[in-house]
Amino acid sequence: MVVLAEPGAELLLPPKALTPRTVGLIAVAEGERACTEALDRAEAEVTAVLKGDPMDALGALLENPVTRRYLAPERGLENMVVPQLRNDWNSYGAGGGKALNRPVFLDSTDRRRLESDLNGLFRLLTTIPDRLFDGDRRAFAEAVGMTPTQVELVMRGAGRRLPPMSRADMYREPGGFRLMELNTGSSLGGWQMGEFSRDVPTNAAFRSFAEAENLVHPDPIGEIARVLRAETAHAGFDLPGRPVLALTEWPDSYTKTKPWLDFVVPDWLRHGFDTVVCHLGEFDYRDGVPHIHGRKVDVVYRIFLPGEMVDEQRSHELVDPLLDAVSAGHTFLFAGLDCELYGNKGSLAMLSDERNRDAFGADELALIERILPWTRFLRDEEVSRGGRRVDLLSHVLAHKDRLALKPTLLYGGVGVIPGWSVEQDEWEHHIREAVDGPFVVQERVLPVMERFVTEDGLGFERMAVAYGVMMVGDTYAGMLVRGTPDPDVGIVSMSNGAQIGCCFHVADRRGGSR
């Protein structure tokens, strides 16, 4: 490694200066492939630390080596798109949304770092009740903003243990991946990407590139099925040879969710489960045993969330019969309702809060600092910000362009108010309405961009990519990718023009760990 820019150097683009470079990397190996792999690993160890206003980095172009090689001019623009991603079946599974015209790529160094960081964060979240609430999970549930009805049902519907499943929604900044929220348990979106990517290797140009780069796509539902079978065995619940599995949503959310649930049924069938898509109100309880379409339900795969269980009798009418059936051993609930204690923005605020620092070790604090943006419950109090004490409300009202207001228990961008997307008076209204409620404020994450071929096929456009990184067991299990041409977009969703996509990653060569 040859350092070309010392700390404090100001690098200028042409015509003011030559093309700026921070470091030169040289590798010696037995062949071209070995040199390329060594340079990829070395590049991943170089981090440019930017000074000045962080907003200046918003929308900067930053691509990993695999992406740059995929987009190399000699490959030709026509070979940089994968038409197989855009078909009626994929569009249905994306709820009618449009697909990105190519996959994104994850190199081996970033994959290992994400696995290490997200496994570490998951373990930290599971210890919050013991570290901060003396083991009182009911107090923890109340602290993250659950209502009395939600607390009662969550405590009743708790699983024997927390299954190791999560999806981290992240952006990439110049310094690395940063977390916006972490979802845990069975209600994750994103596991449809195995089916979404299934036909990509049939594209000859992509297949040739993937073989040269050792690119693969995980089997997320295969990994989930493995965890599900392990959880039933741990609970002493005997599954029949081909269990009936009900992918079960809340009635009010069913219409929106049904397309992508239908989309994954073929994968579940391939993995040995007779699978039906339904909502919680469709179960027919016969002597306390849930049936769907005349068949006994062996596994209720829970898509519905505690946040949907409002304080009214209907919530009990829908959930209580299921929990009775689970308690009696008639069916297995995957996963327990208590998963949502950990996968919410309130628990992230507890990790971020400086008042809890003594509960964590030095390595744990370094992990929190590395991937978690500054996040606080919205309260009328003093907090630490940038090494100094500030009045939280005054700070939030004065810095709307750098903060987002988020409900603790909702997902998919529901209820999120990005400060930079509204006028000052509207921001102040939302903040004052949310004080002391189940809300957090979070530092804005500033995404970099990468290139995609334009729709006319004549050049490139830049898109900010939101990465929904799935972890199943302790293993990276795929990614729900969404891309938008506007780095200023507040919520990356298809309703805001985002396109959905999948991610292929660099597998370890033979003799490696994976």
Of these, Leu245, Leu239, Leu280, which one is in contact (Cβ under 8 Å) with a residue 12 or more places away in the chain and out of contact with any strand residue (DSSP E or B) (no Cβ under 7 Å at 6 or more places or on another chain)? Leu239
Given the residues Arg462, Arg451, Arg509, which is the only one that is basic (Lys, Arg) and surrounded by fewer than 14 Cβ atoms within 10 Å (Cβ to Cβ)? Arg509
So for segment 156-178 (the condition being of a type in the set (S, T, N, Q), crowded, with 21+ Cβ neighbours inside 10 Å and within 30 Å of Thr331 (Cα to Cα)), does at least one residue qualify? yes
Residues of segment 49-65 satisfying the condition of being out of contact with any helix residue (DSSP H, G or I) (no Cβ under 6 Å at 6 or more places or on another chain) and surrounded by 13 or more Cβ atoms within 10 Å (Cβ to Cβ): Pro54, Ala57, Leu58, Gly59, Ala60, Leu62, Glu63, Asn64
Taking into account only those residues within segment 232-279 that are of a type in the set (D, E, K, R) and part of a strand (DSSP E or B), which is farthest from the chain's Cα centre (by Cα)? Asp274
For segment 445-496, what are the residues that are more than 21 Å from Asp401 (Cβ to Cβ), without any contact (Cβ under 8 Å) to a residue 24 or more places away in the chain, part of a loop (DSSP other than H, G, I, E, B) and touching a strand residue (DSSP E or B) at 6+ places or on another chain (Cβ under 8 Å)? Thr454
For Asp380, indicate whether it is in contact (Cβ under 8 Å) with a residue 24 or more places away in the chain and surrounded by fewer than 15 Cβ atoms within 10 Å (Cβ to Cβ). yes
Considering each of Ile292, Ile303 in turn, give the residue that is surrounded by fewer than 22 Cβ atoms within 10 Å (Cβ to Cβ), closer than 26 Å to Gly236 by Cα and of a type in the set (Val, Ile, Thr). Ile292
Might you let me know whether segment 43-54 holds any residue that is modelled with pLDDT under 95 and more than 26 Å from Arg444 (Cβ to Cβ)? yes
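The values are calculated or read from the model by the stated rules, or taken from the named source; none is laboratory data. Bear in mind the structure is a predicted one, so any value in this text is a computation, not a measurement. Glycine also receives a Cβ, built like all others from the backbone with ideal geometry; neighbour counts cover every protein chain displayed.
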